[in-house]
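Undergrad: Once you've had a glance at the structure underneath, I'll fire off some questions.
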Amino acid sequence: MTISLAVPDILVARARAGDLEALEALYRAFETPVYNLALRMLRTPEDAEDVLQETFLEVVRSIKQYRGEGHLWGWIKRIAASKALMRIRRNQVRATEELDEESTGRQVAYAGPEHTRSGSVAGVPARIDLERAFEQLSETSRSVVWLHDVEGYTHEEIAELMGKTVSFSKSQLARAHARLRRMLDAEGAAR
Amino acid sequence: MMHCTMDDLLALKENEASAWAKQHFETCPACRAELEALYQRIAALKALPVHRPARDRWPAVRDALRVDQRRRRRRWGAWSLSAAAGIALLLLIRPGPGGRVDAAELERMKQQSATLEAELERYDPDARVTSGRTAALAAALEDRIAVIDGELAQVGTPPAPVRRAELMKLWQERVDAMQQLMTVHVTRAAYVGL
Ligand SMILES: [Zn+2]
């Protein structure tokens, strides 16, 4: 998903002055991309909506500090990504993620018959298969894949956002792609 | 035969693969197919549909923002009040040479400042503004007043060496900034016919 959301300068100036109408206009312009980013990184729509709310609370509170360097969407996206990562860390405290991932991963391998009807074309994974496979990854893996491959963040940027090393980001990406490949392979075999 | 690992493939994609991986890749159709599949997966990820939130979270954000704004306005009022109290105290303690005139002048400026502040209260900062320029100007003036208040509070702290001229200058600046802010609001009000 590529987003080139251009917002008029005048709207940003009004938002920075605390004008509620302008702030709402910003919210309307970015609610879907922020929510979608959060949903790809997290597991549930509820978590993604909470991240959407937290992100905009910070946006409206700190828009005065936004000096117009770089794109507004880049600035908001970074806030959203770091809010989502914060929530992932909180979720990790609550659940042992790897166990979860392994058990649901196995389900997918055996869930073949149900969604081979989704119309996969040989060799090219149908969208539904990839989306389902992607959802089986851990939140951390999904975040790394999404931020790197879709949003175009570098491993250095991801490492900084996550408070991890560059090699952590790289190995997460490799592991995630290896899993995706295996899962999509299993789908193909069940066909 | 040993093939490229996923790490190798990703490194090839980023153009930072090892010499071995590069060489192997040149001659191995299986690995070339793997890299092509990797590119396809990434392209497919980028093409996934965009999901929209089911609920509107703006009301929650707006309500929290309103609470913030009310709190900030209260703090602003308390801040200038404490600065004024600090100065009144200083005038009591240190009536310098020619102090009576200065004190009267300061008192007059403080009064003016308080009157302006009360006037400004009548203009609801939450109300919509007509242009970004006006809003930005008002915000800049409000910021400046806050900065002046901060300086006044510093100058007004008893242990700090007090320079009466500096104090006078700051209060004068505060009054000026408030007058400008007033002008901005009045102009806007006239323009929108309030
Ligand atoms: Zn090979």
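Undergrad: Among the helices (runs of 4 or more DSSP H) contained in region A:92-191, which hold 1 or more residues that are under 16 Å from the mean Cα position of the chain (by Cα) and at pLDDT 95 or above?
TA: A:127-136, A:139-145, A:155-162, A:166-190
Undergrad: Same structure again: For region B:28-37, state whether one or more residues are open to solvent by less than 90 Å² (accessible area, probe 1.4 Å), more than 13 Å from chain A (Cβ to nearest Cβ) and modelled with pLDDT under 75.
TA: No; the residues of region B:28-37 include none that is open to solvent by less than 90 Å² (accessible area, probe 1.4 Å), more than 13 Å from chain A (Cβ to nearest Cβ) and modelled with pLDDT under 75.
Undergrad: Can you tell me how many residues within region B:24-58 are of a type outside the set (A, V, I, L, M) and more than 14 Å from the ligand (Cβ to nearest atom)?
TA: Residues in region B:24-58 being of a type outside the set (A, V, I, L, M) and more than 14 Å from the ligand (Cβ to nearest atom): 12 in total.
Undergrad: Can I ask one more? Looking at B:49, B:53, which one is facing chain A (nearest Cβ under 9 Å) and either in a helix (DSSP H, G or I) or loosely packed, with under 12 Cβ neighbours inside 10 Å (or both)?
TA: Testing whether each residue is facing chain A (nearest Cβ under 9 Å) and either in a helix (DSSP H, G or I) or loosely packed, with under 12 Cβ neighbours inside 10 Å (or both) leaves just B:49.
Undergrad: Would you point out the residue of region A:1-56, among those that are more than 8 Å from chain B (Cβ to nearest Cβ), among the hydroxyl-bearing types (Ser, Thr, Tyr) and open to solvent by 30 Å² or more (accessible area, probe 1.4 Å), that is farthest from residue B:46 (Cα to Cα)?
TA: A:44
Undergrad: Quickly run through region B:12-23 and pick out the residues that are more than 14 Å from the ligand (Cβ to nearest atom) and part of a helix (DSSP H, G or I).
TA: Result: B:13, B:19.
Undergrad: What are the residues in region B:1-11 that are part of a helix (DSSP H, G or I) and open to solvent by 50 Å² or more (accessible area, probe 1.4 Å), if any?
TA: Matches in region B:1-11: B:7 only.
Undergrad: Further question on the same structure: Residue under question is residue A:138, and the condition is that it be buried (at least 20 other Cβ atoms within 10 Å of the Cβ) and within 13 Å of another protein chain (Cβ to nearest Cβ); does it hold?
TA: no
The values are calculated or read from the model by the stated rules, or taken from the named source; none is laboratory data. Note that the structure is predicted; figures quoted are calculated from it, not measured. No Cβ is skipped: glycine too gets one built from the backbone with ideal geometry, and neighbour counts run over all protein chains shown. SASA here: full protein model, heavy atoms, side chains in, ligands and nucleic acids out. Shrake-Rupley method; radii C 1.70, N 1.55, O 1.52, S 1.80 Å.
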